[in-house]
Amino acid sequence: MTISQEARPEAPQPKSLVKSFFTNRVFVSALIAMSLFSLIRILTGTAEMSSFQSWGAMLRLAVPILLAGLGGLYAERAGVVNIGLEGMMILGTWFAGYGAFAWGPWRGILFGMVGGLIGGALHALATVTFKIDHIVSGVAINIIGAGMGRFLSTVFYVGRTDAGVTQSPRMTGSVERFTVPILADVFKAMEDTDWFLIGDIGGILHGWTRNISWFTLLAFLLVPASIYLLWRTKFGLRLRSTGENPWAAESLGVRVYTYKWVAVLISGALAGMGGAYLVTEQAGLYREGMTGGRGFIGLAALIFGNWRPAGVATGAAIFGYGLTLQLRGESAAVRALLLFAGIGLLLYALWQFRSRGVNSLLSWIGGVLLIVAYFMVEEIPAEFIAMAPYVLTLIVISQAAGRLRMPAADGIPYRRGEAH
Amino acid sequence: MSLGKRLFAVLGAPVMALVAGLLFSSIALLLIDESPTNAFSAMWQYGVYNGDTGGIQWASIIEILNQAVPLFFAGLAAAIGFRMGLFNIGVEGQYLISALVAVYLGAKFSVWAPIHVLIILVIAMLTGAAWAGIAGLLKVKRNVNEVISTIMLNYIAFNLISWLFFNYWRDERSVGALNIVTTPLPETAWLPSLNPVLEAFGVNPRRAELSSLVILAVIVGFAFWFMLNRTQFGYDLRASGTSAPAAQASGVKAKAMILRAMLISGGLAGLVGMLTILSETHQYATDFPKNYGFDGIAVALIGRNSAGGAALAALLFGFLRRGGQALLSEQIPVEIINIMTGSIILAAVIAFAMVNRWAQNEETKALSAAVEAKELETA
């Protein structure tokens, strides 16, 4: 469970990044996991597990979840719980659909962000200005978002031959793509060797360097950018202080209402951007219901990632991988993953051997069951592949609940001047 | 407080919410060059009363009631959690899985009708309670936030339902048809309609059939009110919602409360699908009505988490759904209903917060005035 390592709250920053990288437990466990993954791929002969197309698809499927999760991050770091992400994302898809067909993909992205921003403004108005319960407002925004999408389509698209109440016209053009020169070919060569570990790492990196949209790159750059903005700038410190202890922050002169407003607006814009990604990179048009609950999944990725940008990215990657397997219908790969998860759990249990706790016991049982399932089951039903990420989230959150730490004043309506 | 002020404290927020809903949908209608008065009167004439074609539209009113029953159950399911600050977002998954399990098991046997119906209701409530109970246990044992766990459990439920339904529990005879169904319940599990009662009062319901589950809704509504306002459990629950530390200090066991509230919520959610199953289609199907769970959250919000409020909100939603059909014939986009619902919800929660605050201020003022008067007296 690599999550537990990342989940240590506010760990001190290591001095030498390079040196600590190789002694880092995250790195070591990732290497072990990767080796196991590779071994199983070779033993079971399931090449699909790490073809570069799968990894490229994973990247594309992870981005909307990542953007929604980052959106949630800004709001919750400022103490505003945002379960309206789904509604803001829907607004993002509609606006992006309109912008993209009228003026091309980049304007579409901008429009999508504006759409999300509108949802964010509603949420900020309700929670920050009117101090409504955050969950209540979020639920209302999800309902409004879905209704607005339908309504706007009716107003703008009814009567057109190339669109209707449930979808927009197709966008013109697409976001440019790039392939990293030299590196992509090196990674391809690595992948083609098919050697243990080298072949798999090559496959992953090849998938992440060939034919990548600039929008994807932009989305991933938002992770380090958010780390910098939230943890290395005055703005970020103040924003986070309004989520940890707004009363103290106010007493130190931080304009809490302003920071919360800004945070929720950023949150909406990012969720809208996630919606725009679905439009410009996946469907090429707005279609009703295309978000398919990704806003909620982004929220899960946020909690999974312990309210930290890198954690959100990890969560989004796992959900993205799950979606990849589901959409590409790779049941052989999923079956091999059962073996992977089973052996992984047994290794974890072995590592926890001395603790003799309930967790250790459950890991033993789970590991054995998964391995038995691998040999018993011919083909895994698509529904189980689809539900796996949600089950995994529940397991991870319940296992790591003690180590997960949400911002201290998250979800508490703040009223200026109230003692606390 | 004076009578006027007291009236405002009770009715102010709902009225403001309704006005906001009308206002926003009017703006939306004007934006697309439609007349708001035209739209609203069409809804009213189709849904409730039309002087030109024979007065009260009984068929519509029956439909509104039938729509309101599942919404009401879903609203109560959400409301009981909200009362103590526990957010069960998973009513949707809970009611769908309950409906499927209840239909599947209910079609397996046939006994004396009242017993059959009762057994199906109990199965549905137990299934819903069990599914919600997972979230309750995770919260109590592992401190997992219930908002996240119920959302995750929704998706797990949807997939589980689709797996069970399409692989094992569907009726093979319906395969290939547009609407795939389970084996329907035997007739012993069909609830009689209340039409004979209506006809006895001289009402002509035409083709509509009023489900007798309306009676259960009324009973459950009263039980809900009684439990919340007249029992120790209800008091503890409300206390936990108002101030968890204070409730704990007075001996309320927080974990037991969470678990119980979650189980009751899931049990109520189990009732949501029952009207369709017992009175309408008698089966689970690909076109089984969805979204009652999410709408139920809205019903609870507008109904202020009380039984009476939820009933009114459910009727309002039922009216909007039924009345919305009138817009079709007027060539007005039905989606206007969504705008109306959304703005009513948002306006309702904002108005409730504001009116609450105003009422608190009034109380404080009245209290300090009373204290001053007392001080003057003693001096």
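The values are calculated or read from the model by the stated rules, or taken from the named source; none is laboratory data. Quick caveat, the model's predicted, so the values are computed rather than measured. A quick note on method: Cβ atoms are made from the backbone with ideal geometry, for glycine too, and the neighbour counts reach across all protein chains shown. SASA here: full protein model, heavy atoms, side chains in, ligands and nucleic acids out. Shrake-Rupley method; radii C 1.70, N 1.55, O 1.52, S 1.80 Å.
Within 10 Å of the Cβ of each residue in A:389-399, the mean number of Cβ atoms contributed by other protein chains is 5.
Relative to the Cα centre, the charge distribution of region A:48-328, modelled as +1 at Lys and Arg Cβ and -1 at Asp and Glu Cβ, gives a dipole magnitude of about 760 debye. Note on region B:107-198: the C-alpha convex hull projects to 9.3 nm² when averaged across all orientations.
Partners of B:K141 within straight-line reach, counting lysines whose Cα lies under 19 Å from its Cα and excluding those fewer than 8 residues away in the same chain: B:K253, B:K255.
What does the charge count near A:V63 come to, summing +1 for each Lys or Arg and -1 for each Asp or Glu among other residues with Cβ under 15 Å from its Cβ? Here the charged neighbours net out to +2.
Legend: residues in region B:153-187 shielded by at least 30 square angstrom of accessible surface upon adding the remaining protein chains to the isolated chain (1.4 Å probe, heavy atoms) are B:Y155, B:I156, B:N159, B:W163. Ranked by the mean number of other Cβ atoms within 10 Å of their residues, highest first, the peptides A:368-377, B:284-293 come out as B:284-293, A:368-377. Taking Cα centre as origin and charging only the Cβ of basic (Lys, Arg, +1) and acidic (Asp, Glu, -1) residues, the dipole magnitude of region B:63-308 rounds to 900 debye. Just to confirm my numbers, what's the Cα centroid distance between region A:53-77 and region A:107-170 in Å? Taking the Cα centre of each part, region A:53-77 and region A:107-170 sit 20 Å apart. The dipole here belongs to the protein assembly as shown: it is taken about the Cα centre, uses +1 on the Cβ of Lys and Arg and -1 on the Cβ of Asp and Glu, and is about 2180 debye. Take each residue of peptide B:78-90, count the partner chain Cβ atoms within 10 Å of its Cβ, and average: the result is 2. The alpha carbon convex hull volume per residue for chain A rounds to 156 Å³.
Once backbone amide H atoms are built at 1.01 Å from N, B:Y49 has B:Q57 as its partners under 5 Å, excluding neighbours fewer than 5 places away on the same chain.
Kirkwood hydrodynamic radius (Cα pairs, Å) of region B:3-62? The answer is 13.6 Å. Backbone phi angles across region B:218-227, fed through the Karplus curve with coefficients 6.51, -1.76 and 1.60 (θ = phi - 60°), yield HN-Hα couplings of 5, 4, 4, x, 5, 4, 4, 4, 4, 4 Hz in residue order; Gly and Pro are listed as x. Per-residue Karplus couplings for region A:245-255, computed as 6.51 cos²θ - 1.76 cosθ + 1.60 with θ equal to phi - 60°, are listed in order as 8, x, 5, 5, 4, 4, 5, 8, x, 6, 7 Hz, Gly and Pro entered as x. For A:S213, the amide hydrogen comes within under 5 Å of the amide hydrogens of A:F178, counting only partners 5 or more places away or on other chains and with H modelled in the peptide plane. As a calculated quantity, the FRET efficiency between B:V15 and A:V391 at R0 = 41 Å, using C-beta atoms, amounts to about 0.35. In the context of the full set of protein chains, residues of region B:63-308 present 42 Å² of accessible surface per residue (probe radius 1.4 Å, heavy atoms only). Here the accessible area is traced with a 1.4 Å probe on the protein chains. For chain B, carbon and sulfur cover 64 percent of it.
With all protein chains in place and a 1.4 Å probe, the accessible surface of chain A carries 67 percent carbon and sulfur. Summarised as an ellipsoid, region B:1-159 has semi-axes of 37, 26, 17 Å, derived from the eigenvalues of the Cα gyration tensor scaled by 5 and square-rooted, with the largest first. Taken across both chains, chains A and B shield about 3500 Å² of accessible surface from a 1.4 Å probe. With the whole protein complex present, A:W351 retains an accessible surface near 150 Å², based on a 1.4 Å probe. When you count the other C-beta atoms within 10 angstrom of each residue and take the mean per peptide, A:136-147, B:161-172 line up highest first as A:136-147, B:161-172. Ranked by the mean number of other Cβ atoms within 10 Å of their residues, highest first, the peptides B:247-259, B:330-342 fall in the order B:330-342, B:247-259. For chain A, the solvent-accessible area works out to 43 Å² per residue, with a probe of 1.4 Å and every protein chain left in place.
Counting Lys and Arg as +1 and Asp and Glu as -1 over every other residue whose Cβ lies under 13 Å from the Cβ of B:Y95, the net charge comes to -1. In this view, the solvent-accessible surface of B:T378, computed with a 1.4 Å probe and all protein chains in place, comes to about 120 Å². Over the C-alpha atoms of region B:63-308, the Rg to Rh ratio, Rh being the Kirkwood estimate, stands at 1.00. Each Cα pair of region B:258-379 feeds into the Kirkwood radius, which the Stokes-Einstein equation turns, at 25 °C and 0.890 mPa s, into a diffusion coefficient of 135 µm²/s. Dipole of the protein assembly as shown computed with +1 at Lys/Arg Cβ and -1 at Asp/Glu Cβ about the Cα centre; of B:A79, A:T233, A:G104, farthest Cα towards the positive end is A:T233. Comparing A:I318, A:I297, A:I380 in a Gaussian network model of chain A where C-alpha atoms under 10 Å apart are linked, the largest mean-square fluctuation is found at A:I380. When chain A is treated as a GNM with alpha-carbon contacts under 10 Å, the residue of A:G292, A:G116, A:G236 showing the greatest mean-square fluctuation is A:G292. Across chain B, C-alpha contacts under 8 Å between residues 6 or more apart give a mean separation that, scaled by the residue count, equals a relative contact order of 35 percent. Computed from phi, the 3J(HN,Hα) profile of region B:278-291 under the Karplus parametrisation 6.51, -1.76, 1.60 (θ = phi - 60°) reads 8, 10, 10, 8, 6, 7, 8, 8, 4, 9, 4, x, 10, 6 Hz, with x in place of Gly and Pro. With Cα atoms as the point set, the radius of gyration and Dmax of the protein assembly as shown evaluate to 27.7, 98 Å.
Remark: mean inter-chain Cβ contacts per residue of B:140-148 equal 6, using a 10 Å Cβ-Cβ cutoff to other protein chain atoms.
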